[in-house]
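Just below is one structure, and these are the notes that go with it.
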Amino acid sequence: MYEKELKTAIEAVKKAEKTFRKYHGTKTKVEVKEGDFRNLVSFADKKIERETKSFLLKRFPNYGFIGEEYGNTNIKAEFVWAYDPIDGTTNYLQGLPDCAISLGLLRNGKPVVGAVSAPFVNRFYIARKGGGAKLNGRAIKVSGTKSVSEAFGSLGWGRDINFAIDTIPFLLPLTRKFRVPGSAALGIGYVAEGVYDFFIDRTMKIWDYAAGQIILEESGGMLLISDKPDIKICANPTLASNFLKLFKKQK
C-alpha cells in the first residue's frame with residue numbers, strides 16, 4: 001500500500017535537490033515573513049515549493065497540498081501532501097549542512113508516506129505506512145533508551161524564545177546531553193535512525209513533521225503531541241512517556 005505515492009514522493013524530493021544544492025549558502029532574494037526578523041524565506045524556498053507542488057498535483061490531481069510558503073490547496077481531500085521545501089532555512093542560508101527537504105503525505109490527517117532529503121549530511125529517509133523506514137536504503141530503528149537521565153538528543157524552538165528560555169535550563173540537568181540542530185525534519189530523522197534518543201519541540205507545523213512522523217513511527221518511535229503541557233516529543237514510546245511526565249511537573 002502507498003507504493004505509488006512513495007515512489008512519487010522520492011522522485012519529487014530528488015527533483016528538488018538540484019535547486020536545493022544550487023542555492024545553498026547564498027542569500028538570494030531573502031525576505032522577512034510576518035514582520036519577524038527571525039522568520040526568513042528565500043528565492044530557493046519559493047522556487048522549490050512552486051515546482052514541487054506543480055509536479056505532485058499533475059501526478060495526483062485530486063490530492064490536496066499544504067505548503068509552508070504558498071499555503072493550502074484542496075485540504076479537505078482524503079489525501080493531502082504536506083511540504084517544507086527548506087527545513088532549517090537559517091542553516092541553509094548560512095551554508096550550514098543541517099537543512100532538509102521534507103515531503104509527507106497525509107490520509108485523513110494522518111501521515112502515511114514520508115521522504116526527507118538532507119544531502120549535505122548524506123541522508124535520505126523514506127517510509128510508508130506498514131512498509132518500514134529506511135535511511136539511504138537500509139532499515140532503521142529508534143534507540144532503546146528508556147531513562148531520561150541516559151538520553152541524548154536535541155531540542156528545537158523555532159522562533160519561540162520563551163520556550164527556549166524555559167526548557168533549556170529545565171532539561172540540562174535531567175538529560176545526558178542535547179544539541180540544537182536547527183532543522184525539525186533532521187532532528188526527527190536522527191531519532192528514527194537511533195543517533196538521537198529524543199527530539200523535543202513545541203512550534204513544529206504539519207509541514208515540518210508530516211514526513212518525519214511516519215518515518216519515526218515506522219522505525220518504532222512515536223511523535224507524542226500534548227496540549228497540556230504544549231509540547232511535541234519524538235522518541236521511543238517509553239522515553240516519550242517519561243519525558244511527558246517530567247514536563248507535566250515543570251513549574
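The values are calculated or read from the model by the stated rules, or taken from the named source; none is laboratory data. Keep in mind that this is a model prediction, so the values were computed, not measured. As a convention, Cβ positions derive from the backbone with ideal geometry for all residues, glycine included, and neighbour counts pool all protein chains shown.
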Just name the residue that is modelled with the highest pLDDT out of those in the stretch 30-52 that are among the charged types (D, E, K, R) and crowded, with 20+ Cβ neighbours inside 10 Å. 49
Considering only the stretch 157-177, I want to know if a residue exists there that is touching a Gly at 6+ places or on another chain (Cβ under 6 Å), touching a residue at least 12 places away in the same chain (Cβ under 8 Å) and either surrounded by 15 or more Cβ atoms within 10 Å (Cβ to Cβ) or more than 28 Å from residue 97 (Cβ to Cβ) (or both). no
In the stretch 189-203, residue nearest to the chain's Cα centre (by Cα) [restricted to those that are more than 17 Å from residue 244 (Cβ to Cβ) and of a type in the set (A, V, I, L, M, F, W, C)]: 192
So, first residue within 24 Å of residue 172 (Cβ to Cβ) in the stretch 191-211, second residue surrounded by 24 or more Cβ atoms within 10 Å (Cβ to Cβ) and among the aromatic types (Phe, Trp, Tyr), Cβ within less than 9 Å, six or more apart or across chains; the pairs are 191/198; 191/199; 196/190; 198/243; 199/190; 200/243; 201/209
In the list 112, 116, which residue meets the criterion of being surrounded by 18 or more Cβ atoms within 10 Å (Cβ to Cβ), over 22 Å from residue 183 (Cβ atoms) and touching a residue at least 60 places away in the same chain (Cβ under 8 Å)? 112
Would you be able to say whether some residue in the stretch 207-215 is in contact with a strand residue (DSSP E or B) (Cβ under 9 Å, 6 or more places away or on another chain) and surrounded by fewer than 23 Cβ atoms within 10 Å (Cβ to Cβ)? no
Scan the stretch 67-95 for residues that are crowded, with 22+ Cβ neighbours inside 10 Å and farther than 23 Å from residue 21 by Cβ and report the count. 1
